[in-house]
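Q: Dropping a structure here in structure tokens format, bear with me for questions.
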Ligand code: 5GP
């Protein structure tokens, strides 16, 4: 007789300032772990060079986004850097129910909304991770290195990054970003550990009644 336990999926939200490397980290785990799905967000911001609709974001008009908020399609949404960003319920809820883990790359406002979600399944599945850049100089270097924003936007992102970093203590886990391999190893360890939490497991609770299993 073998023990068969199932579990609900984890909803892993990852936040950190722009330039912390959180998107790369989520993508790397998603690509290397078949149980980890990446929830593609919706946004009203314009695509950057190389970004693909449906892979990086669902790029929506403001009108379309606002209609979806009215219809209650978002699990959470927030205004970030002057644009709207949100995660569709359809990208998350059914996947968690069938035992898939979902990665969400969202800002601190979105994380706060998820923590307060009225659905206990969402709150119980939540794992929150904050990614901090190693130091301020490196953050500036990463923000400027992208070369995708004009100076005014860069300044806004720097101010927002510092503001965002004030919330790291609201998260259950913190990774100080260093080399990509170490960051990924730590991130994977967090997810693997959370998968083993007893409270997430169900389905074969009667196995303790079979003493032959342990003889
Ligand atoms: P970017 O425009 O650089 O791709 O993202 C800007 C910020 O929006 C990042 O902090 C990112 O985590 C956040 N973001 C991306 N998708 C979502 C989302 O669905 N909801 C929320 N609340 N924030 C998001």
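We did not get these values from a lab; they are worked out from the coordinates using the rules stated. Note that the structure is predicted; figures quoted are calculated from it, not measured. Backbone-built Cβ (ideal geometry, glycine too); neighbour counts: all protein chains shown.
Q: With both bridge residues required to lie in the range 7-196, what share of the DSSP beta bridges run antiparallel, to the nearest 5%?
A: Details: 8 of 27 bridges.
Expressed as a percentage, antiparallel bridges in the range 7-196 total about 30.
Q: In deg cm²/dmol and to the nearest 500, what is the mean residue ellipticity at 222 nm of the chain if only DSSP H runs of at least 4 residues count, each as -39500 (n - 2.57), divided by the residue total?
A: Numbers: 8 runs with 80 residues, N = 215.
Per the formula, -11000 deg cm²/dmol.
Q: Rounding to the nearest 10 and keeping the result within 0 to 90°, find how far the Cα-based axis of helix 180-195 lies from the longest principal axis of the chain.
A: Long axis of 180-195 versus the principal axis of the chain: about 40 degrees.
Q: Which angle from 0 to 90°, rounded to the nearest 10, does the C-alpha axis of helix 136-145 make with the longest principal axis of the chain?
A: Its long axis makes an angle of about 70 degrees.
Q: Helix 22-32 versus the longest principal axis of the chain: what angle, 0 to 90°, nearest 10, using Cα atoms?
A: Rounded to the nearest ten degrees, it is 40.
Q: Please give, to one decimal in nm, the separation of the simple spin-label points placed at residue 81 and residue 116, each 7 Å out from Cα toward the Cβ.
A: Computed distance between label sites residue 81 and residue 116 equals 2.5 nm.
Q: If you don't mind, there's one more thing I want to ask. Relative contact order for the range 7-196: what is it in percent, counting Cα pairs under 8 Å that are at least 6 residues apart? If you can, show how the numbers build up before the last one.
A: Working: 299 pairs, mean separation 63.9, N = 190.
Reported relative contact order: 34 percent.
Q: Shifting gears a bit: Who wins for biggest fluctuation among 103, 201, 132 in a Gaussian network model of the chain, springs between alpha carbons below 10 Å?
A: Evaluated over the chain, the most mobile residue of the options is 201.
Q: Between residue 159 and residue 197, what is the label-point separation in nm under the 7 Å Cα-to-beta-carbon projection?
A: The answer from the label model is 3.7 nm.
Q: Would you mind getting the Kirkwood hydrodynamic radius of the chain from its Cα pairs, rounded to one decimal in Å? Provide the component values of the computation, followed by the final result.
A: Details: mean 1/r = 0.0538 Å⁻¹.
About 18.6 Å for the chain.
Q: Taking the Cα centroid of the range 22-84 and of the range 119-172, what is the distance between the two, rounded to the nearest whole Å?
A: So the separation of the two Cα centres works out to 16 Å.
Q: Now for a separate question. Please find, in a Gaussian network model of the chain (springs between Cα atoms separated by less than 10 Å), the residue of 43, 182, 23 whose mean-square fluctuation is greatest.
A: Of 43, 182, 23, the Gaussian network model singles out 182 as fluctuating most.
Q: State the extension gain, in nm to one decimal, for the chain segment bounded by residue 140 and residue 67, taking 0.36 nm per residue of separation less the distance between their alpha-carbons.
A: Length difference between fully extended and current span is 22.6 nm.
Q: Continuing with this model, one more query. Order of 37, 101 from fewest to most other C-beta atoms within 10 Å?
A: Numbers: 37 18, 101 23.
Starting with the residue having the fewest Cβ neighbours, the order is 37, 101.
Q: Also, I was wondering about something else. Percent of Cα-Cα pairs more than 19 Å apart in the range 1-85, please.
A: On the way: 1805 of 3570 pairs.
Value for the range 1-85 (Cα pairs over 19 Å): 51 percent.
Q: Can you tell me the relative contact order of the range 83-215? Whole percent, Cα pairs under 8 Å, sequence separation 6 or more. Provide the component values of the computation, followed by the final result.
A: Numbers: 61 pairs, mean separation 30.3, N = 133.
The normalised contact order for the range 83-215 reaches 23 percent.
Q: Pick out which of 144, 177, 18 has the largest mean-square fluctuation in a Gaussian network model of the chain, springs linking Cα atoms closer than 10 Å.
A: 144
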